[in-house]
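K.L.:
Right, I'll just put the structure down here and ask away after.
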Amino acid sequence: MASRNDVATSPIAGEIHRDNARIEISGLTKRFLTPAGEVFTALQGVSFTVEPGQFCAVVGPTGCGKSTTLGMVSGLDRPSEGSVKVGGREVDGITDGVSFMFQADALLPWKTVLGNVLMGPIFRGVPKQQAQASARDWLRRVGLTGFEDRYPHQLSGGMRKRVAMAAALINEPKILIMDEPFGALDVQTKAIMSTELLGLWEQIRPSVIFITHDLDEAVALADRVVVMTSSPGSVKAVFDIDLPRPRGSVQEIRFQPRFIELQHQIWETLREEVERAYARTAGGTA
Amino acid sequence: MSTTSTPSAAPVTGNGQASAAAAAKRAARRRIALVWAGRLGLAAVVLGGWQAFTTWGIVDPFFFGQPSGIWKRLIDLFQHGTEFGSFYQNIWTTIQEALVGFAAGAVTGVVFGVALGQSRFLSDVLGPYIKMVNAIPRIVLGSIFIVAFGIGVTPKILLAAVLVFFIVFFNAFQGVREVDRNILANAKVLGASQLQIIRHVIVPSALTWIIASLHSAFGFAIVGALVGEVLGAQSGLGLVIKTAQNNFDPNGVFATMFVIAVIVLGAEWLIGKLEHRLLSWRPPSPSEANLL
Ligand SMILES: Nc1ncnc2c1ncn2[C@@H]1O[C@H](COP(=O)(O)OP(=O)(O)OP(=O)(O)O)[C@@H](O)[C@H]1O
Ligand SMILES: [Mg+2]
């Protein structure tokens, strides 16, 4: 933990830190065996790169393999073909310095808010006292001071997401993976939390892969937006977002002309895929 | 009951709310009184009927006992003991055997359940054998244990432990299998080692299942101890029952049964306390909120 802090503050070490945070995904293919015994290709030759410290959003129709991709970046799952490299090293086992915010709730229901945030440091062998101090600090940063002793079921959905965010960021990851982290939230809460996330990201500066279905959110937060095709997923287009940083409030940026232009371009690219995916599932159920 | 009245009271403000709360409280109290009246009434009818039928000679108290006789016998047992030591000592023997067997069976059940639930290989190798042993009528094991270990407490403890083991084992195994995949993945990404995953994720998650099994498991521990004692012992409630049976003393059998029921209820209460402590994180389920 202490060495991590050194890395974040010292400029020379900072360069090293940043260099080994590049994510290179090349030719990633994933096949599943369906219960019927057929081979189902979820991902087909996905390639894109996330530069160190870059915020990369991934959008694509439902079922195109976004979560599957993240599973392989984090090292929870193995690719059928192709590779994921982090800092030039092929991912083998859980990726070093990665934090993951899952699509579904992944808090431990039997631990309090504080206990949940403590998990990362405890697993990494940080002394209890120090871990507690840093967990309290992170809870303060996400605005949950006073809720340390509650259990997850005693929190609102938005508060649970804040806890998950604190639990993910407390390890000061060099890579932050977020799978529709705010997908289940109402529009206002989502905007507030996105702004908060940007603030925290600027403090730690990990490389981020952020999955979302919300194009406004993608454009407002990201440096780069990857658009995926419908199943089997592959990369359809990559957009670099040249809106200046710091971007400030997520609610306000969406009225800038450049924002609207980019958002429109991405939507034009994505629409076709969404329609195709929708036609397929609708056809399947009819 | 209180849950149905609260929402309807919500729109009312000030005085209305206070009186609605008071009404809800009154209704709850009335319900508790009614439940207790029902319980006591049922006991009165059953015991009174039993007493009456045996007194009138419709049912022969020589075979079926008689509540007043059982009560007298119970006092007699506590005051004068049995021909093999005081009644307290016999009770203690049985409790001891059941407790040690229960602890041993529960611990090994949890350990095996977690180990096999974790490891596909282990469960594939050991699974059939565990099913096979489980298929043996366990009472037969009692005879084997007595032949092997004599008539001391060891065979009773073993029998109780075996009975408890299988209940706890299958529940722990299932509990481990039901661990949420997301939570597991989350712990892995956060850097948990295999041991840390077991300690922080798998055991707490399986605990709901394990504790549920402990409730019935203690009953089985007592059964194990009693059966062992009936098969051959120098002390214990099983021996008291067997002796009473041989002496054509149904009141003695019923009196001992009553003591056993009190022991099991006491253990049940303790396990309930333990459950409450260990599972305090659980949201109260709507059915639980309305329960007694
Ligand atoms: N373990 C598995 N076995 C078989 N098929 C799977 C498995 N996991 C995912 N899939 C399939 O792979 C495809 C991609 O799934 P994935 O969860 O990555 O989609 P997604 O892009 O994250 O969708 P969403 O936006 O709805 O979350 C889906 O069609 C899904 O059915
Ligand atoms: Mg997904």
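The values are calculated or read from the model by the stated rules, or taken from the named source; none is laboratory data. Just so it is clear, the model here is predicted, and its values are computed rather than measured. FYI the Cβ positions are ideal-geometry reconstructions off the backbone, even for glycines, and counts take in every protein chain you see. Note: areas computed on protein heavy atoms with side chains; ligands, DNA, RNA excluded. Shrake-Rupley method; radii C 1.70, N 1.55, O 1.52, S 1.80 Å.
K.L.:
Please identify the DSSP H helices in chain B that span no less than 24 Å along the helix axis (Cα) and have a mean Kyte-Doolittle hydropathy of 1.0 or more.
P.N.:
On the way: long enough: B:15-56 (60 Å, 0.35); B:87-118 (46 Å, 0.98); B:154-177 (33 Å, 1.60); B:203-231 (39 Å, 1.61); B:250-278 (41 Å, 1.10).
Span-like helices here: B:154-177, B:203-231, B:250-278.
K.L.:
Let me ask something additional. Would you please state which residues of segment B:138-182 a label at B:T208 would reach in this model, taking the label point 7 Å out along Cα→Cβ and a backbone N cut-off of under 13 Å?
P.N.:
The answer is B:175-181, whose backbone nitrogens lie closer than 13 Å to the label point.
K.L.:
I've got another one for you. Can you figure out the FRET efficiency of A:R124 with A:N20, using R₀ = 22 Å and their beta-carbon distance, to the nearest 0.05? Display every interim value, and only then the final one.
P.N.:
Numbers: r = 18 Å, r/R0 = 0.80.
Result of the calculation: an efficiency of 0.80.
K.L.:
In whole percent, what relative contact order does segment B:70-283 give with Cα contacts below 8 Å and a gap of six or more residues?
P.N.:
Values: 269 pairs, mean separation 63.1, N = 214.
Relative CO of segment B:70-283 lands at 29 percent.
K.L.:
Still on this structure: So how do A:D92, A:D186 rank on accessible area, 1.4 Å probe, biggest first, that is with the largest at the start? Let's see the in-between values first.
P.N.:
Values: A:D92 120, A:D186 75 Å².
The ranking, largest first, comes out as A:D92, A:D186.
K.L.:
I need the fraction of alpha carbon pairs in the protein assembly as shown separated by more than 32 Å, rounded to a whole percent. Present the calculation step by step, with values, prior to reporting the outcome.
P.N.:
On the way: 104225 of 166753 pairs.
More than 32 Å apart: 63 percent of the Cα pairs in the protein assembly as shown.
K.L.:
When DSSP assigns beta bridges and you keep just the ones with both residues in the protein assembly as shown, what percent turn out antiparallel, to the nearest 5?
P.N.:
Numbers: 21 of 39 bridges.
Antiparallel bridges: around 55 percent, rounded to the nearest 5.
K.L.:
Find the all-direction average of the projected area of the Cα convex hull for segment B:71-218, expressing the result in square nanometres with one decimal place. Intermediate results must be reported in sequence, preceding the final value.
P.N.:
Numbers: hull surface 46.6 nm².
Result: a mean projected hull area of 11.7 nm².
K.L.:
Mind ranking A:R258, A:R140 by accessible surface for me, highest first, 1.4 Å probe? Provide the component values of the computation, followed by the final result.
P.N.:
Numbers: A:R258 80, A:R140 140 Å².
Heavy-atom accessible area, descending, gives A:R140, A:R258.
K.L.:
Grab the beta carbon distance between B:N182 and B:A261, set R0 = 41 Å, and tell me the FRET efficiency rounded to 0.05. Mind showing how you got there, number by number?
P.N.:
Numbers: r = 44 Å, r/R0 = 1.08.
Efficiency, from the Cβ-Cβ distance: 0.40.
K.L.:
Could you name the lysines in cross-link range of A:K66, using Cα to Cα under 19 Å and dropping any fewer than eight places away on the same chain?
P.N.:
Partners found: A:K30, A:K85, A:K236.
K.L.:
Oh, and also: Within 10 Å, at most 16 other Cβ atoms, and a DSSP state outside H, G, I, E, B define an exposed site. Report the longest part of chain B free of exposed GluC sites (Glu not before Pro).
P.N.:
Numbers: sites that count: B:E83, B:E178.
With a cap of 16 other Cβ atoms within 10 Å, the longest stretch comes to B:179-292.
K.L.:
What spacing in nm lies between the two simple spin-label points modelled at B:A135 and A:A36, each 7 Å away from Cα in the Cβ direction?
P.N.:
My value for the distance between the label points is 3.7 nm.
K.L.:
Please identify the DSSP H helices in chain A that span no less than 15 Å along the helix axis (Cα) and have a mean Kyte-Doolittle hydropathy of -0.5 or more. Spell out each step's value before the answer.
P.N.:
On the way: long enough: A:113-123 (16 Å, 1.75); A:128-141 (20 Å, -1.71); A:157-169 (18 Å, 0.41); A:187-204 (26 Å, 0.38); A:257-285 (40 Å, -0.81).
Result, helices passing both filters: A:113-123, A:157-169, A:187-204.
K.L.:
Let me ask you something else. Could you look at chain A and say what percent of its accessible area is carbon and sulfur, using a 1.4 Å probe and all protein chains? It would help to have the intermediate numbers written out before the result.
P.N.:
Values: 6580 of 12670 Å².
Ligands and nucleic acids excluded, carbon and sulfur reach 52 percent.
K.L.:
Additional query: Relative to the present Cα-Cα distance, how much length would full extension add between B:Y88 and B:Q51 at 0.36 nm per residue of separation?
P.N.:
Working: separation 37, 0.36 × 37 = 13.32 nm, distance 2.75 nm.
Gain on stretching B:Y88 to B:Q51: 10.6 nm.
K.L.:
For chain B, what is the Kirkwood estimate of the hydrodynamic radius, computed as the reciprocal of the mean inverse distance between distinct Cα atoms, to one decimal in Å? Mind showing how you got there, number by number?
P.N.:
On the way: mean 1/r = 0.0437 Å⁻¹.
Every distinct Cα pair counted, the radius reaches 22.9 Å.
K.L.:
Right, another one. Return the distance in nm (one decimal) between the two label points of a simple spin-label model at A:Q103 and B:R282, each offset 7 Å from Cα along Cα→Cβ.
P.N.:
Taking the two extended label points, one gets 3.0 nm.
K.L.:
Among B:A115, B:A27, B:A206, determine the one that fluctuates most according to a GNM of chain B built with springs between C-alpha atoms less than 10 Å apart.
P.N.:
Of the options given, B:A27 has the highest mean-square fluctuation.
K.L.:
Quick one: Cα centre-to-centre distance for segment A:75-107 and segment B:197-272, in angstrom?
P.N.:
What the calculation gives is 50 Å, centre to centre.
K.L.:
Quick check: residue separation of B:Q245 and B:S19 times 0.36 nm, minus the Cα distance between them. What number comes out in nm? List each step's numbers first, then the result.
P.N.:
On the way: separation 226, 0.36 × 226 = 81.36 nm, distance 5.99 nm.
Value of the extension gain: 75.4 nm.
K.L.:
Would you calculate the separation in nanometres between label points at A:E51 and A:T269, each defined as 7 Å from the Cα along the Cα-to-beta-carbon direction?
P.N.:
About 1.6 nm, to one decimal.
K.L.:
Full-extension gain between A:A184 and A:Q154, please, as 0.36 nm times their residue separation minus the C-alpha to C-alpha distance. Numbers along the way, then the final one.
P.N.:
Details: separation 30, 0.36 × 30 = 10.80 nm, distance 1.72 nm.
Here the answer is 9.1 nm.
K.L.:
May I ask you to order A:241-250, A:32-41, B:246-255 by the average number of other C-beta atoms within 10 Å around their residues, highest value first? Present the calculation step by step, with values, prior to reporting the outcome.
P.N.:
Numbers: A:241-250: 13.6, A:32-41: 9.3, B:246-255: 17.7.
Highest to lowest by the protection proxy: B:246-255, A:241-250, A:32-41.
K.L.:
Let me ask something else. By the scheme Lys and Arg +1, Asp and Glu -1, what is the net charge of all other residues having a beta-carbon under 14 Å from that of A:Q129?
P.N.:
Details: positive: A:K128, A:R136; negative: A:D137.
The answer is +1.
K.L.:
Taking a 1.4 Å probe, which of B:L158, A:L197, B:L231, B:L270 shows the most accessible area, and what order do the others take after it?
P.N.:
B:L270, B:L231, B:L158, A:L197
K.L.:
Excluding ligands and nucleic acids, what accessible area in Å² is computed for B:R31 using a 1.4 Å probe, to the nearest 10?
P.N.:
About 100 Å², rounded to the nearest 10.
K.L.:
Is any residue of segment A:204-222 close enough, with backbone N under 20 Å, to a label point placed 7 angstrom from the Cα of A:D242 along the Cα-Cβ axis, and if so, which?
P.N.:
The answer is A:218-222.
K.L.:
Using protein chains only (no ligands, no nucleic acids) and a 1.4 Å probe, work out which residues of segment B:188-217 have their accessible area cut by at least 30 Å² relative to the chain alone.
P.N.:
With the partner chains in place, segment B:188-217 has these residues losing at least 30 Å²: B:K188, B:V189, B:L190, B:Q196, B:H200.
K.L.:
Right, another one. Nearest 20 debye, what's the magnitude of the dipole of segment A:69-187 about its Cα centre given +1 on Lys and Arg Cβ and -1 on Asp and Glu Cβ? Don't jump to the answer; show the numbers that get you there.
P.N.:
Working: 14 positive and 13 negative charges, 94 e Å.
With only Lys, Arg, Asp and Glu charged at Cβ, the dipole is about 440 debye.
K.L.:
Given the rule -39500 (n - 2.57) for each run of at least 4 DSSP H residues, summed and divided by the residues of chain B, what is its mean residue ellipticity at 222 nm, to the nearest 500 deg cm²/dmol?
P.N.:
Numbers: 14 runs with 238 residues, N = 292.
Dividing the helical sum by the residues of chain B leaves -27500 deg cm²/dmol.
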